[in-house]
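The values are calculated or read from the model by the stated rules, or taken from the named source; none is laboratory data. All of these numbers come straight from a predicted model, not from anything done at the bench. Here the Cβ positions follow ideal geometry from the backbone for every residue, glycine too, while neighbour counts run over all protein chains shown.
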Amino acid sequence: MEGALSISTTFTPPGGTPPYDDLIGTDGLQRYNYRGTDPQHSENVALRRAMELGLPVIWFVAVERGAYEPIYPVWVIGEEPALHRFVLAVDPAQRFLPTGDAAPVDVRSYALSLTKVRLHQRAFRARVLLAYGGKCSICRLKHAELLDAAHIIADGQPNGQPVVPNGLSLCKIHHAAFDHKILGIRPDLSLHVRPDVLEEVDGWMLKGGIQEIHNKSLEIVPKSKAARPDPERLEERYAEFLAG
Ligand SMILES: [Zn+2]
């Protein structure tokens, strides 16, 4: 029991950017701030000990008040005392990568893509799905295995932050239809299906799942106003849909 068992990140309100979001090193690896600034604080000592012993820890990321997404296993693989923070591996494949300036460019981008998938996208998905009660906002489907957190503005673009108002809980079909511009969502939350798709004749999935939602509205929106889809982002995305 010398080493830390877990670390945690507190809840960020829906429109806010989680604290870990801008804590990625130039090597693509996630950083985790010290408790306070004293390197000898008991929690910092315990994390350092977990690093020395090579023990995994569990990262509890708060995705709603009192609800956590556990990210496991996570390893502490380095320390930056001057910056009061540790370096984490959020995937086994990151454990033995070079950190800091020693990391070659291709290794950095590999590390970064793992950090995004294993931590950022996972936490974003959990936050968005919780805000929508675990249902597709278009068809109410509520099987988590069949749901995604869709970005309104893509990750990496300006306004593409992993915040709940930039997300929509969508089932796989509606997510793909949204991404492939078969389906557009207006800022007033009404749905628009591409005209040529409206005229196709096919089976019940096309009819009930796509064509019949034309001009209807999102069925599910978060209770909290701050968590609802951002009209400005929707407008930007809808302009892309029209242009497509
Ligand atoms: Zn759906």
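So the values come out like this:
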| read-out | value |
| --- | --- |
| Filtered residues of segment 214-223 (kept if surrounded by 14 or more Cβ atoms within 10 Å (Cβ to Cβ) and within 23 Å of the chain's Cα centre (by Cα)) | Leu218, Glu219, Ile220, Val221, Pro222 |
| Residue that is farthest from the ligand (Cβ to nearest atom) [pool: residues in segment 147-175 that are modelled with pLDDT under 95, surrounded by fewer than 18 Cβ atoms within 10 Å (Cβ to Cβ) and not polar (S, T, N, Q)] | Pro158 |
| Any hit, segment 100-108, residues being surrounded by 20 or more Cβ atoms within 10 Å (Cβ to Cβ) and either of a type in the set (A, V, I, L, M, F, W, C) or under 16 Å from Gly3 (Cβ atoms) (or both) | no |
| Out of Ser190, Ser137, sole residue that is touching a Ser or Thr at 6+ places or on another chain (Cβ under 6 Å) and closer than 28 Å to Gly66 by Cα | Ser137 |
| Selection from segment 82-100 of residues that are in contact (Cβ under 8 Å) with a residue 24 or more places away in the chain, of a type outside the set (A, V, I, L, M, F, W, C) and closer than 26 Å to Gln40 by Cα | His84, Arg85, Pro98, Thr99, Gly100 |
| Long-range neighbours under 7 Å by Cβ, at least six apart or interchain, first residue closer than 16 Å to Ala4 by Cβ within segment 66-81, second of a type in the set (Gly, Ala, Ser) and modelled with pLDDT of 95 or more | Val74/Ala89; Trp75/Ala89; Val76/Ala50; Ile77/Ala89 |
| Search result, residues across segment 204-244 that are of a type in the set (D, E, K, R) and part of a loop (DSSP other than H, G, I, E, B) | Lys216, Glu219, Lys223, Arg228, Asp230 |
| Some residue of segment 91-114 being closer than 17 Å to Ser8 by Cβ and aliphatic (A, V, I, L, M) | no |
| Residues of segment 101-146 classified as within 16 Å of the ligand (Cβ to nearest atom) and of a type in the set (D, E, K, R), total | 5 |
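Residue-wise test of (1) in the same structural domain as His175 (by TED's automatic domain parsing); (2) touching a Cys at 6+ places or on another chain (Cβ under 9 Å); (3) under 30 Å from Ala176 (Cβ atoms).
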position	(1), (2), (3)
Trp75	no, no, no
Gly78	no, no, no
Phe96	no, no, no
Leu114	no, no, yes
Cys139	no, yes, yes
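Here is a yes/no grid of residues against (1) within 16 Å of the ligand (Cβ to nearest atom); (2) within 22 Å of the chain's Cα centre (by Cα); (3) touching a residue at least 12 places away in the same chain (Cβ under 8 Å):
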{"position": "His180", "(1), (2), (3)": "yes, yes, no"}
{"position": "Ile185", "(1), (2), (3)": "yes, yes, yes"}
{"position": "His192", "(1), (2), (3)": "yes, no, yes"}
{"position": "Pro195", "(1), (2), (3)": "no, no, no"}
{"position": "Leu198", "(1), (2), (3)": "no, no, yes"}
{"position": "Val201", "(1), (2), (3)": "no, no, no"}
{"position": "Trp204", "(1), (2), (3)": "yes, no, no"}
{"position": "Gly209", "(1), (2), (3)": "yes, no, yes"}
{"position": "Glu212", "(1), (2), (3)": "yes, no, no"}
